[in-house]
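Every read-out reported here was derived from the displayed coordinates using simple, explicitly stated rules and does not represent laboratory data. Keep in mind the model is a prediction, meaning the values are calculated, not measured. FYI the Cβ positions are ideal-geometry reconstructions off the backbone, even for glycines, and counts take in every protein chain you see.
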Amino acid sequence: MDYEKLKQDIYEEDAAQALAICEETDTDILVDDFENDKYINFHMVPPAEAWLAARFAWGPSFGEKTPVWTAHLSQYLMRIDPAMLVCLNRIIIIDGDQDIEPFTETLGTEDDFPDMDGEILGRLWYYENSVVIDVSAIRAIAKQLVAQDLGVFVLSEEMERGFLVTLLHEIRHLGLDCNIFLPEDEYPLPLQSNEAIEEWARDTYECI
Ligand SMILES: [Zn+2]
């Protein structure tokens, strides 16, 4: 990940008034992206575990264990391609629609929370540069697998696998879609197809 090149690209677009730099620190540049009509924060250094941990937002249904899960998942995400994390704002994890309202009250977003329908495992929230994962939908699928079971599937294992593959899948969407400066020679357009994204998620899950 070439952060110096990214910085130059942002400065150039700022000078051309294609976007406006709103805030800049040693680690982050917040821009107003006129073309896509949203703010994007670029994290300009390799992601650290603590920074990743601060991205996580859990629905109230999950109770008190979330700091342990956050720590575990932050360590996990340290092992993926850091270019996918440059524009990551939040990783929002809900357990069904019941968790949506408390979020919309605290997030202060102008955009509607993505419609999860109870059946969608995960979704990129493009406007917020965030991903949303619905554990209740993942649990339902894992339960189906175990119910049809021939003794192969274990619910907790299927849930963990479903959760991690979904998380990787949505982060891949975010990494390819939200970073307007992602170099096209390294990440050509065909990688954005849903099939290619799912393949990346499964391969990454197997490898890391
Ligand atoms: Zn997808």
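Annotations for the structure displayed:
- For peptides 184-193, 123-132, 46-55, sequence by mean Cβ density within 10 Å, most packed first: 123-132, 46-55, 184-193
- Partner lysines for Lys7 [C-alpha distance under 24 Å; skip if fewer than 8 residues away on the same chain]: Lys38
- Efficiency of FRET from Cβ geometry, Ser193 and His72, R₀ 30 Å, rounded to 0.05: 0.50
- Model label sites at Glu119 and Leu30, defined 7 Å from Cα along the beta-carbon direction, differ in position by 3.9 nm.
- Rounded to the nearest 20 debye, the dipole magnitude of the stretch 1-45 is 60 debye, with +1 charges on Lys and Arg beta carbons, -1 on Asp and Glu beta carbons, and the Cα centre as origin.
- Cα lying deepest toward the dipole's positive end in the chain, options Leu52, Leu182, Gln8, charges on Cβ: Leu52
- Pairwise FRET efficiency - Ala16 versus Ile208, Cβ, R0 = 41 Å, nearest 0.05: 0.60
- Computed label-point distance, nm, for sites Ala54 and Glu110 using a 7 Å Cα→Cβ extension: 2.5 nm
- For Trp125, the residues whose amide H sits under 5 Å from its own are Ser130, Val131, Val132, ignoring neighbours fewer than 5 places away on the same chain, with H placed 1.01 Å from N.
- With Cα atoms, 0 to 90° folded angle of helix 66-77 axis to the chain main axis: 60 degrees
- About its Cα centre, the chain has a charge dipole of approximately 900 debye under the convention of +1 per Lys or Arg Cβ and -1 per Asp or Glu Cβ, with nothing else charged.
- Debye log10 I(q)/I(0) for the stretch 47-207, one point scatterer per Cα, at q = 0.18, 0.20 Å⁻¹: -1.20, -1.45
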